[in-house]
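One structure is given below, encoded as structure tokens.
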Amino acid sequence: MTLAVNPPIQQKPLSVDEFLARYGDDNRYELIDGEVFDLEPTGPHEQVAAFITAKLCVQIDQASAPWFVLQRGLLRPAGTRMTAFRPDVAVVNRDELSQESLWADQSILTLGSSLKFVAEVVSGNWQNDYARKVEDYAVLGIPEYWIADYAGLGGTRHIGKPKRPTLSICTLVDGEYEIQPLWGNQPIISPTFPELDLTAAQVLNAGRL
């Protein structure tokens, strides 16, 4: 069965300012090219995001890195008027925040240099995670991007056939992501967190009830 991508929830394209006025206090929505998408934060979806967050926080603490994990903050790429991403998990470099003009008053980042890592937990809008965000996060220069498809929703060209839960590790090389899909007990090799000792299954199974 092919899972249809959920349509945007409104017809009239919105600017970022209009989106913030209408949805700024609700962290279940993001804006892509003027279209508002529901991030569908189900219980299992949030369990996977929370598991990733917990493991990364341990690594940050052990390394005494000047980073922290931001959940559900907005990424409004500089120079865009119609897009505001809301990564499920984002690792922020505290040392770069002095360059962020909106940060002091709002939980909004505009520069890719402020981010060391992002992760998206796949929902019905899987095409955004596998296509649009792969392109835009790479353009922003975010070094590492995980796509945690715990329910195996993505297209077969991304996760194989038959479909199965897949963790895709995207590593920035010469301005583009090299994508390594992982399954089962395959180990995660993270350039941002080299001491991380996890398998794909541990991340993907975090959403089980």
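A few remarks follow.
- On inspection, Leu109 qualifies as buried (at least 20 other Cβ atoms within 10 Å of the Cβ), touching a helix residue (DSSP H, G or I) at 6+ places or on another chain (Cβ under 9 Å) and within 26 Å of Gly175 (Cβ to Cβ).
- If only residues of segment 139-193 that are of a type in the set (Gly, Ala, Ser) and more than 25 Å from Val58 (Cα to Cα) are counted, the one that is farthest from the chain's Cα centre (by Cα) is Gly160.
- Any hit, segment 23-42, residues being part of a helix (DSSP H, G or I) and either in contact with a strand residue (DSSP E or B) (Cβ under 8 Å, 6 or more places away or on another chain) or modelled with pLDDT under 90 (or both): yes
- Leading residue by the ranking (surrounded by the most Cβ atoms within 10 Å (Cβ to Cβ)) among those in segment 84-103 that are assigned to a loop (DSSP other than H, G, I, E, B) and either touching a Pro at 6+ places or on another chain (Cβ under 6 Å) or among the hydrophobic types (A, V, I, L, M, F, W, C) (or both): Trp103
- Any hit, segment 44-57, residues being surrounded by 16 or more Cβ atoms within 10 Å (Cβ to Cβ), among the hydroxyl-bearing types (Ser, Thr, Tyr), outside any strand (DSSP E or B) and within 16 Å of the chain's Cα centre (by Cα): yes
- Residue count for segment 92-118 under the criterion of being more than 18 Å from Asp136 (Cβ to Cβ) and of a type in the set (Gly, Ala, Ser): the result is 4.
- Within segment 125-153, residues that are free of Cβ contacts under 8 Å to residues at least 24 places away in the same chain have Cβ atoms under 7 Å from residues that are buried (at least 19 other Cβ atoms within 10 Å of the Cβ) in these pairs: Gly152/Ile159; Gly152/Pro165; Gly152/Thr166, counting only partners at least 6 apart in sequence or on another chain.
- Residues in segment 54-62 include at least one that is over 23 Å from Asn205 (Cβ atoms) and without any contact (Cβ under 8 Å) to a residue 12 or more places away in the chain.
- Search result, residues across segment 104-127 that are modelled with pLDDT of 95 or more, more than 10 Å from the chain's Cα centre (by Cα) and assigned to a loop (DSSP other than H, G, I, E, B): Thr110, Leu111
The values are calculated or read from the model by the stated rules, or taken from the named source; none is laboratory data. All figures in this text were calculated on a predicted structure; none of them were measured in a lab. Please note: Cβ atoms are built from the backbone with ideal geometry, for glycine as well, and neighbour counts cover all protein chains shown.
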